[in-house]
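These notes are about the structure you will find just below.
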Number of protein chains: 2
Amino acid sequence: MENISVDIAFVKNVKQLVGEQNSTALGELLQTIYPQDIAELLDKLDNEEARYVMSNVPKEQIVKVLVEMEESVRAHFLSAYSTKEIADQFIQNMDSDDAAYVLGHLHTKEQEDVIGNLTDIEFASSLLSLLNYEEYTAGSLMAVELVKANISWTVAQCIEEIRRQAENVETIYVVYVVDEFERLVGIITLKNLILSKPELKIEEVFNKQVISVSTSTDSQEIANLFKKYDMVVLPVVNALGQLVGRITVDDVVEVIEEEANEDYQLMSGITEDVDSTDKVWVLSRARLPWLLIGLLGGIASSRFIAVYEDQIQIHPEMAFFIPLIAAMGGNAGVQSSAIVVQGLANNTLGTKNIMPKILKELRVGMLNGIICSALIFAYNMFFSDSFDLAITVSVALITVIVFASVLGTFIPLVLNKMKIDPAIATGPFITTTNDLLGLAIYFSVGRMLY
Amino acid sequence: MENISVDIAFVKNVKQLVGEQNSTALGELLQTIYPQDIAELLDKLDNEEARYVMSNVPKEQIVKVLVEMEESVRAHFLSAYSTKEIADQFIQNMDSDDAAYVLGHLHTKEQEDVIGNLTDIEFASSLLSLLNYEEYTAGSLMAVELVKANISWTVAQCIEEIRRQAENVETIYVVYVVDEFERLVGIITLKNLILSKPELKIEEVFNKQVISVSTSTDSQEIANLFKKYDMVVLPVVNALGQLVGRITVDDVVEVIEEEANEDYQLMSGITEDVDSTDKVWVLSRARLPWLLIGLLGGIASSRFIAVYEDQIQIHPEMAFFIPLIAAMGGNAGVQSSAIVVQGLANNTLGTKNIMPKILKELRVGMLNGIICSALIFAYNMFFSDSFDLAITVSVALITVIVFASVLGTFIPLVLNKMKIDPAIATGPFITTTNDLLGLAIYFSVGRMLY
């Protein structure tokens, strides 16, 4: 099997086969690609075509495709089935984490009906408890399928048990070792099992070093553990230390991505999780809050400048540099806060003191402020006939850059202490604050020097 | 072993043991934590303390600590050793990808000396070729240690071979199946090996479905493959299809993070990869380019407003809303471009047409523009005595928001086509453009309506 990309030619080919209702050729084509590719393909077809394609997906692939497909496509697809059919044909054949994920997107009533229709009661009750965990906790990310061995067994017994349990577990990374109370006490890798003599006790060959989290551990903390310790799978225990599930790295990669996207949107002034396929009014609603804050900031600016109306009437050239002062304050502030926000997100700032950071930003601000001020002073000496203006702009600019740099460092640190996502500070918040600050400095300096 | 965090109390405890030169207690303490924790600990100690701690790290842990520690700490630590000692005591005991990583941070001369001092010639030549791959390619990310089996073997032979090869490979996820020319033809999981009868041929039990990349594949593409197919390990082949290495998910997680950080810095107007511990002039240098662009933009604004000097002298209230217009254009532009940049980064925009997106942004911009304009109009009708001004500001505002939204969509798409990282567009670039655009619209409308 080649690495296939679902490109325009491929989609066109599929559309033609669907048009011809050529289910043999379509079935063969689908066998050459992965479930993820089929899901990607479905996103590019209309509902009727997607349904026909799904009816030709090999049975063992269909639940994987279902998990991977886009939410709206899946909702449409499932709407053609009764809750009993959804239980029998799909949910029953899924891993618990995938099943909980798909069920999580259904209405509560439907969820309950589907779970009620499952014949495997143990699986059904696992799903119920998975669905009850709070979002973004270990409990909501984990799957209950795993292979475990009792510490008192022999290696041979353990391998026998793997044979028995393996059917339910798609990928085995390690075997978890538990005591007689089902408490997690260590791990043993398949490699170790293969390399150990069959008659040895697990006790003699297992590894006591195991990092675990509790069901309530936050997803961000979990992501940090995976990153720090280069893990591929992490066991989850309950309050009694009993093994209840495992989280795999692919789910964590999604958490890391989501987190990055969220920060990105926050700092761009978008308040809801939206993407470009959402409806116009959803996109509009997500953006309005920050626009309105910007509007308020702009109104505040206008009131502020109004105080200096006389000054502007006498020296209209004061108005020329309003955008420059405002923009430079915004830029310098965003630059400083970005460094801090990033440091906080990567856990590289954590325990250290705030003061040295602010002092350092002060120095960076001074340096950049001096350079920019000198340049604008030179410009004004050449191109403007007012020495007073040149002095005013330069003095204001250096002050604005220094203040903005320090504020840009300070605000995210304070937000973080207040348990507010500091990424918010890198967006319109800091720009608006610095606009006002910049104008205040500019006109005060102007009044003094002019 | 508990999950340990290297907190203030822990560091204090270590500092005390170092002060007492209590190597027994220190050694015992270090045995309770992971190499990653030791590396984190070292970052918090001074050079003398770090050296003493390192001399007490258990021998089997020391190379792992070396890979995890911060670059400057490692450089200082290694400076106390000769190139022969570095080769014998450290590099020789590392996996090839870790060894290449550590060597990559040494000067070329030192690199060559260390490699020349390695006694394992095969390993040395692997390192040489790994170091030659371009950064951010599969070749530079992969390790050469892997377990492979010939397609003609039996399962029993294969397990025997794993025993032989396993010593060199820390974690085995799958066994790669190759033909007689060393070409990758498939995989077999350890689970399958354990579950298969020993006398069966690999040919009968292996999985032909395997995704692989070539040594020159770009790291971003690799990250996308891992994300899409939920992989933990990916084989790398050369131009002849021969298996040359494997990439593991932990390296890819780093790529994903780096990419996110880079975008974050780009959109914050920071041009180099810096963090808060860098020197003042490095931080300053990384920020100056965008500040200077902002400065140029500000100067352009000032020239532009100067054209309307007479208008401002007659109607100084025109100046009041300069910051509002500029800020709103910037905000709306950043919001639009963020959505597009994100879509491009997640590969969810790819093949589709540009026109519908721009039309949609036009509609979102219209809607938000109308709402904001209506609000500012109401405000001006209440608090300002000039109806002309109220009309001018509102007409300008709606125009600015619509234009900024469309430009914010258009610019990243164009940059992407030009193979420039579109994240750059979400930063000062779009803010500066929109400042100018906003002013042009504002004063043109003012001239027409006033």
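A short reminder: the numbers here are calculations on the coordinates, not readings from a lab. Just so we're clear, the structure is a prediction, and the values are computed from it rather than from any experiment. FYI the Cβ positions are ideal-geometry reconstructions off the backbone, even for glycines, and counts take in every protein chain you see.
Annotations for the structure displayed:
- R0 of 41 Å, Cβ-Cβ distance B:Tyr136-A:Glu170: FRET efficiency to nearest 0.05: 0.85
- For the stretch B:8-137, radius of gyration divided by Kirkwood radius, i.e. Rg to Rh on alpha-carbons: 1.01
- Cα-centre dipole for the stretch A:182-293 with unit charges at Cβ (Lys and Arg positive, Asp and Glu negative), debye to 20: 420
- Along the stretch A:112-117 the Karplus relation, 6.51 cos²θ - 1.76 cosθ + 1.60 evaluated at θ = phi - 60°, assigns HN-Hα couplings of 5, 4, 4, 4, x, 8 Hz to successive residues, with x for each Gly and Pro.
- Percent breakdown of C-alpha pair distances by 10 Å bin, ordered from the shortest bin, for the stretch A:212-338: 10, 23, 21, 20, 13, 8, 4, 1
- Whole-Å distance, taken between Cα centres, linking the stretch B:203-256 and the stretch B:129-151: 10
- Label-point separation, A:Asp120 to B:Glu180 (7 Å along Cα→Cβ), nm: 4.4
- Once the Cβ-Cβ distance of A:Asn207 and A:Met355 is raised to the sixth power relative to R0 = 25 Å, the FRET efficiency obtained is 0.05.
- The slack in the chain from A:Ser23 to A:Glu262, taken as 0.36 nm per residue of separation less the alpha-carbon distance, amounts to 81.8 nm.
- With at most 15 other Cβ atoms within 10 Å, longest stretch of chain A clear of loop trypsin sites (Lys or Arg not before Pro) (DSSP): A:1-207
- The stretch B:8-137 - percent relative contact order, Cα under 8 Å, separation 6 or more: 20
- The convex hull defined by the C-alpha atoms of the protein assembly as shown has an orientation-averaged projected area of 41.8 nm².
- Between the listed residues A:Val334, A:Val282, A:Pro316, the Cα displaced farthest toward the positive end of the dipole of the stretch A:277-340, a dipole computed from Cβ unit charges relative to the Cα centre, is found at A:Val282.
- Shielding by partners, peptide B:140-146 (average Cβ within 10 angstrom, other chains): 0
- Other copies of A:Phe181: label-to-label distances in nm, shortest first, labels 7 Å along the beta-carbon direction: 6.1
- Label-point distances for B:Gly241 to the equivalent site in the other copies, using a point 7 angstrom along Cα→C-beta, read 5.4 nm when ranked shortest first.
- Cubic angstrom per residue, convex hull over Cα atoms of chain B: 220
- The mean sequence distance of close C-alpha pairs (under 8 Å, at least 6 residues apart), as a share of the length of the stretch B:148-258, puts its relative contact order at 24 percent.
- Think of the protein assembly as shown as a dipole: +1 on every Lys or Arg Cβ, -1 on every Asp or Glu Cβ, centred on the Cα centre; then among A:Val233, B:Ser301, B:Gln165, B:Ser301 lies furthest on the positive end.
- Percent of Cα pairs in the stretch B:148-258 per distance bin of 10 Å, from zero to the largest separation: 14, 44, 32, 10, 1.
- Comment: the Cα-to-Cβ extended label point of A:Lys201, at 7 Å, lies 4.4 nm from its counterparts in the other copies, nearest first.
- Interchain or long-range residues, amide H under 5 Å from B:Gly245's placed H: B:Val236
- Candidates A:Val175, A:Val414, A:Val114: whichever shows maximal mean-square fluctuation once chain A is modelled as a Gaussian network with Cα springs under 10 Å: A:Val414
- Backbone amide hydrogens, once placed in the peptide plane, bring A:Val177 within less than 5 Å of A:Ala149, A:Val185, A:Gly186, A:Ile187, A:Ile188, excluding anything fewer than 5 places away on its chain.
- For the residues of B:223-229, the average number of beta carbons from a partner chain within 10 Å of their own beta carbon is 4.
- Overall form of the stretch A:309-450: prolate. Here a/c, set by the Cα gyration tensor axes a ≥ b ≥ c, is 1.5 or more, and a/b is the larger of a/b and b/c.
- Rounded to 0.05, the FRET efficiency of the A:Ser72 and A:Ile420 pair, given R0 = 35 Å and the Cβ-Cβ distance, is 0.65.
- Order of A:Leu291, B:Leu436, A:Leu42 under a 10 Å beta carbon neighbour criterion, fewest first: B:Leu436, A:Leu291, A:Leu42
- With θ taken as phi - 60° and the Karplus curve 6.51 cos²θ - 1.76 cosθ + 1.60 applied, the whole-hertz 3J(HN,Hα) list for the stretch B:319-332 is 5, 4, 9, 4, x, 4, 4, 5, 5, 5, x, x, 4, 4 Hz, x standing for glycine and proline.
- Placing +1 on the Cβ of every Lys and Arg and -1 on the Cβ of every Asp and Glu, with no other charges, gives chain B a dipole of roughly 1840 debye about its Cα centre.
- Evaluating 6.51 cos²θ - 1.76 cosθ + 1.60 at θ = phi - 60° for every residue in the stretch A:398-411, the Karplus couplings come out as 5, 5, 4, 5, 5, 4, 4, 5, 5, 4, x, 7, 6, 4 Hz, glycine and proline recorded as x.
- Rounded to the nearest 20, the size of the Cβ-charge dipole of the stretch A:280-449 about its Cα centre is 860 debye, with Lys and Arg at +1 and Asp and Glu at -1.
- Put a dot 7 Å past the Cα of B:Ala440, heading toward its Cβ, do the same for A:Gln242, and the two dots end up 7.0 nm apart.
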